[in-house]
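J.: Just passing along the structure, written as structure tokens.
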Amino acid sequence: VEREGAFYDVDENGNETFLVGFIDFVGWKNFLRIVKDPKVSGPFFRIFLWTFVWAVLSVVLSLAVGLPFALVLNNSRLKGRNLYRTLLIIPWAIPVFISALVWRNGLLNESYGVINKFLLPLFGLEPLRWFNDPFWARVGVLLVNVWLTFPYMMTISLGALQSVPPELYEVAAIDGAGRFRRFVHITFPLLMTIIAPLLVSSFAFSFNNFTIIYLITGGGPPIPNSTTPTGYTDILISYVYKLAFEGGQGQDFGFASAISILIFFLVGGISFVNFKLSGAFEEVSR
């Protein structure tokens with residue numbers, strides 16, 4: 001007997017027994033649920049949009065922090081370059097879960113964290129609600145992710161900078177080009193040619209960066225009026241995890257699997273388009 005989407009075995013006395021593990025073909029039901037159920041589609045598309053914003057900002061901000069450090073360390077006249085390089089690579093060397101827990105409990109804690117209790121009062125600012133305000137929760141996870149990933153951007157940028165022929169700078173200097181123009185017309189174009197495929201892979205990694213989201217905010221704060229466990233800082237992969245293992249109405253493996261398939265095609269499609277635009281496939285084919 002089927003009732004309310006569940007199946008029961010009825011004996012001769014009319015007693016019902018829930019059939020655990022009953023398998024039924026649902027077709028496209030889980031995919032259509034994303035579009036047809038407004039209490040699912042609203043939070044889902046909000047998470048979908050935030051996932052793209054999270055991935056893009058993670059790459060852009062990490063590069064914006066790591067590249068200036070690489071430019072400074074690439075100066076052969078800088079004394080103590082090896083020491084500075086070692087110190088700046090420490091966030092990358094420490095295990096991610098340790099850094100995430102230090103940030104959550106020691107720096108971003110709303111009650112006794114270093115930022116709220118000591119840093120912000122120095123500037124006369126009010127404590128921030130890092131885990132209860134949607135905007136600041138998103139800022140918090142981006143801040144932690146930039147801290148963890150800028151050494152990687154610094155390292156790959158430094159390696160790419162060392163491959164730029166110094167003769168180009170000498171010719172540009174003779175023509176009267178300043179440092180800014182040399183960076184815009186020589187350094188940055190050649191740098192992007194080399195590191196573009198790595199930026200694409202960093203985007204794909206950030207797209208599915210479950211660890212930071214789960215350890216810092218757990219996906220919270222929760223999105224109201226949603227029938228599935230969703231939060232403002234949830235990305236698609238953390239949303240899938242909640243559906244499969246933390247759902248308040250049970251483990252929804254079917255719906256979680258449907259979203260996982262969507263993630264696979266999204267990441268694969270984005271990576272393919274970006275690699276084609278960067279010319280990576282043409283270089284490999286040669």
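The values are calculated or read from the model by the stated rules, or taken from the named source; none is laboratory data. Owing to the predicted nature of the structure, the values given are computational and were not obtained by experimental measurement. Cβ: placed from backbone, ideal geometry, glycine included. Neighbour counts: every protein chain shown. Remember, those area values only see protein heavy atoms, side chains included, never the ligands or the DNA or RNA. Shrake-Rupley method; radii C 1.70, N 1.55, O 1.52, S 1.80 Å.
J.: Counting alpha carbon pairs within less than 8 Å and at least 6 residues apart, what relative contact order, in whole percent, applies to the stretch 81-170?
T.: Values: 54 pairs, mean separation 24.0, N = 90.
So the answer I get is 27 percent.
J.: Rounded to two decimals, what ratio of Rg to Rh does the chain give with C-alpha atoms and a Kirkwood Rh?
T.: Working: Rg = 24.7 Å, Rh = 22.4 Å.
When Rh is taken as the Kirkwood radius, the ratio is 1.10.
J.: Sticking with this one: Within 12 Å, Cβ to Cβ, of Ser226, how many net charges do the neighbouring residues add up to if Lys/Arg are +1 and Asp/Glu are -1? Mind dumping the intermediate values first?
T.: Working: positive: Lys39, Arg46, Lys242; negative: Asp37, Asp234.
Around Ser226, the surrounding residues sum to +1.
J.: What longest range of the chain stays clear of loop-exposed chymotrypsin sites (Phe, Trp or Tyr not before Pro) (DSSP non-H/G/I/E/B, at most 11 other C-beta within 10 angstrom)? Please report the intermediate quantities before stating the final value.
T.: Values: sites that count: Phe22, Phe25, Trp28, Tyr112, Phe123.
My reading of the result: 124-286 is the longest stretch.
J.: Under 8 Å for C-alpha pairs, at least 6 residues apart: give me the relative contact order for the chain, rounded to a whole percent.
T.: Working: 304 pairs, mean separation 61.8, N = 286.
Reported as a whole number, the value is 22 percent.
J.: Shifting gears a bit: In 10 Å bins starting at zero, report the fraction of Cα pairs in the stretch 130-195 per bin as a rounded %.
T.: So the P(r) values, bin by bin, are 19, 32, 22, 18, 8, 1.
J.: Using bins 5 angstrom wide from zero, how does P(r) for the stretch 114-265 break down, in % of all Cα pairs?
T.: Values per bin, smallest distances first: 2, 8, 12, 13, 12, 11, 10, 10, 9, 6, 4, 2, 1, 0, 0.
J.: A further question follows. Could you pull the Cα extents of the stretch 202-251 along its three principal axes, largest to smallest, in whole Å?
T.: If we take the Cα atoms of the stretch 202-251, the spans are 34, 20, 16 Å.
J.: Follow-up question, since we're still on this one. Write down, largest first, the equivalent ellipsoid semi-axes of the stretch 91-187 in whole Å, where each equals the square root of 5 times an eigenvalue of the alpha-carbon gyration tensor. Kindly include the intermediate steps, with their values, before the conclusion.
T.: Numbers: eigenvalues 326, 62, 22 Å².
Value: 40, 18, 10 Å, ordered largest first.
J.: Hey, another quick one. Can you tell me the dipole magnitude for the chain around its Cα centre, using point charges on the Cβ only (Lys, Arg +1; Asp, Glu -1), in Debye to the nearest 20? Display every interim value, and only then the final one.
T.: On the way: 20 positive and 19 negative charges, 324 e Å.
Taking the Cα centre of the chain as origin, the dipole is about 1560 debye.
J.: Which residues make up the longest stretch of the chain clear of GluC sites (Glu not before Pro) that lie in a DSSP loop with no more than 10 other Cβ atoms within 10 Å, not counting the sites?
T.: On the way: sites that count: Glu4, Glu12.
That would be 13-286.
J.: Can you list the residues, at least 5 places off or on another chain, whose amide H is less than 5 Å from the amide H of Gly231, using H built in the peptide plane?
T.: Hits under the 5 Å cutoff: Ile223.
J.: Most mobile of Gly254, Gly27, Gly269 per a Gaussian network model of the chain (Cα springs, under 10 Å)?
T.: Top of the fluctuation ranking is Gly27.
J.: Quickly estimate the mean residue ellipticity at 222 nm for the chain, helices only: each DSSP H run with n ≥ 4 gives -39500 (n - 2.57), and the total goes over all residues, rounded to 500.
T.: Working: 13 runs with 169 residues, N = 286.
Rounded to the nearest 500, it is -18500 deg cm²/dmol.
J.: For the chain, build the charge dipole from Cβ charges (+1 Lys, Arg; -1 Asp, Glu) around the Cα centre, then report which of Ile174, Gly124, Thr187 sits farthest towards its positive end.
T.: Comparing the listed Cα positions along the dipole, Ile174 ranks first.
J.: Right, something else. Over the chain, average the accessible area per residue using a 1.4 Å probe and give it in Å², no decimals. Show your work: numbers first, answer last.
T.: On the way: 17000 Å² over 286 residues.
Result: 59 Å² of accessible area for each residue.
J.: Right, next: Could you state the principal axis extents of the C-alpha atoms in the stretch 175-281, from the largest down, to the nearest angstrom?
T.: If we take the Cα atoms of the stretch 175-281, the spans are 69, 30, 21 Å.
J.: Starting from the residue with the highest accessible area, list Thr211, Thr187 in decreasing order, probe 1.4 Å. It would help to have the intermediate numbers written out before the result.
T.: On the way: Thr211 60, Thr187 10 Å².
Ranked list, largest accessible area first: Thr211, Thr187.
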